[in-house]
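Novice: Sharing a structure, written as structure tokens. Questions coming.
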Amino acid sequence: MALSRDVPPQVVIPTFVDGRELAVWRSQSGRIAAWDDRCPHRGMRLSHGFVRGESLSCIYHGWSYNEAGLCQRIPAHPDLVPPEAIRVPTVAAVESDGIIWVASEPASQPPPTLTGLVALRSLTVEAPATAIATAAGMPIDQDGALRPDLAGIACVLLVQPIPGDRTVLHVLVASNASPAAQAAVSRALEDLRRRVESERLAA
């Protein structure tokens, strides 16, 4: 999972889904893709690579992969047509309401509707999702979200567990929230993070 605005055209970022390391990237035309974060050649992280046009290239030896994850160019052998066996495993990625949803298996249902909301920020908390839910005083719902009021403003916190018992919160607020209201929510989020992390250290 990632915020759409964090992956503009020709950018690649690392993320996780179900503990699996992934590279999420957007081509020049705006297409989103999510792949295993390993080049089949030497295992370099593709999230360190670079996007050119509709292809993602490994930063190590420049092997280039097309939109389907198939190797299309090996710079050291420019006349070679790479065999189809050289490919990067891909996973499903769908973009909706300013969020990039990634699933290790094809989803049986579309992502939840988040119309009327805008992405505020993403925040990493050094604690498991259960600790954040306890501090927020509510369970994580079927959409994988917490829906607290922060600074008196209704928010949606999309919960993304990552390795090391850590959690990324992707925060959305009402699209009509003023800049001052958004700043207040951001401060409340920082307070929540400090409280959760302090309680974890004290345990």
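None of the figures in this text is laboratory data; all of them are computed from the coordinates on show. In this text, all values refer to a predicted model and were calculated from it rather than measured experimentally. For neighbour counting, all protein chains shown are included, and Cβ atoms are generated from backbone atoms with ideal geometry for every residue, glycine included.
Novice: Could you order peptides 81-88, 115-122 by the average number of other Cβ atoms within 10 Å of their residues, highest first?
Specialist: Details: 81-88: 13.2, 115-122: 16.0.
Listed from highest to lowest mean packing, they are 115-122, 81-88.
Novice: About its Cα centre, what dipole magnitude does the chain give when the only charges are +1 on Lys and Arg Cβ and -1 on Asp and Glu Cβ, stated in debye to the nearest 20? All intermediate terms of the calculation are to be shown ahead of the outcome.
Specialist: Numbers: 18 positive and 21 negative charges, 90 e Å.
With Lys and Arg at +1 and Asp and Glu at -1, about 440 debye.
Novice: To the nearest 0.05, how large is the calculated FRET efficiency for LEU201 and SER122 if R₀ is 30 Å and r is the Cβ-Cβ distance? The partial results should precede the final answer.
Specialist: On the way: r = 22 Å, r/R0 = 0.75.
Calculated value: 0.85.
Novice: Could you work out how far helix 179-202 tilts from the main Cα principal axis of the chain, as a 0 to 90 degree angle to the nearest 10?
Specialist: It is inclined by approximately 90 degrees.
Novice: With N set to the number of residues, divide the alpha-carbon radius of gyration of the range 117-202 by 2.2 N^0.38 Å and report two decimals. Each step should come with its number before you reach the end.
Specialist: Details: Rg = 12.2 Å, N = 86, 2.2 N^0.38 = 12.0 Å.
For the range 117-202, the normalised Cα radius of gyration is 1.02.
Novice: Moving on. At a threshold of 8 angstrom on Cα-Cα distance, excluding pairs fewer than six apart, so keeping six or more, what relative contact order does the chain reach in percent? Mind dumping the intermediate values first?
Specialist: Values: 408 pairs, mean separation 31.5, N = 203.
Reported as a whole number, the value is 16 percent.
Novice: Quick one, can you get me the convex hull of the C-alpha atoms of the range 2-103 expressed as volume per residue in Å³? Before the final figure, lay out each step's value.
Specialist: Details: hull volume 8.8 nm³, N = 102.
Taking the convex hull of the Cα positions in the range 2-103, it is 86 Å³ per residue.
Novice: On a full-extension model of 0.36 nm per residue, what is the gain between ARG187 and GLN10, subtracting their alpha-carbon distance, rounded to one decimal in nm? Mind dumping the intermediate values first?
Specialist: Details: separation 177, 0.36 × 177 = 63.72 nm, distance 3.15 nm.
Contour length minus Cα-Cα distance gives 60.6 nm.
Novice: For MET138 and ALA76, what is the calculated FRET efficiency with R₀ set at 45 Å and r taken between the beta-carbons, to the nearest 0.05?
Specialist: Numbers: r = 55 Å, r/R0 = 1.22.
Calculated value: 0.25.
Novice: Turning to a different aspect of this structure: Counting every Cα pair in the chain, what percent are over 32 Å apart?
Specialist: Values: 5116 of 20503 pairs.
Roughly 25 percent, rounded to a whole number.
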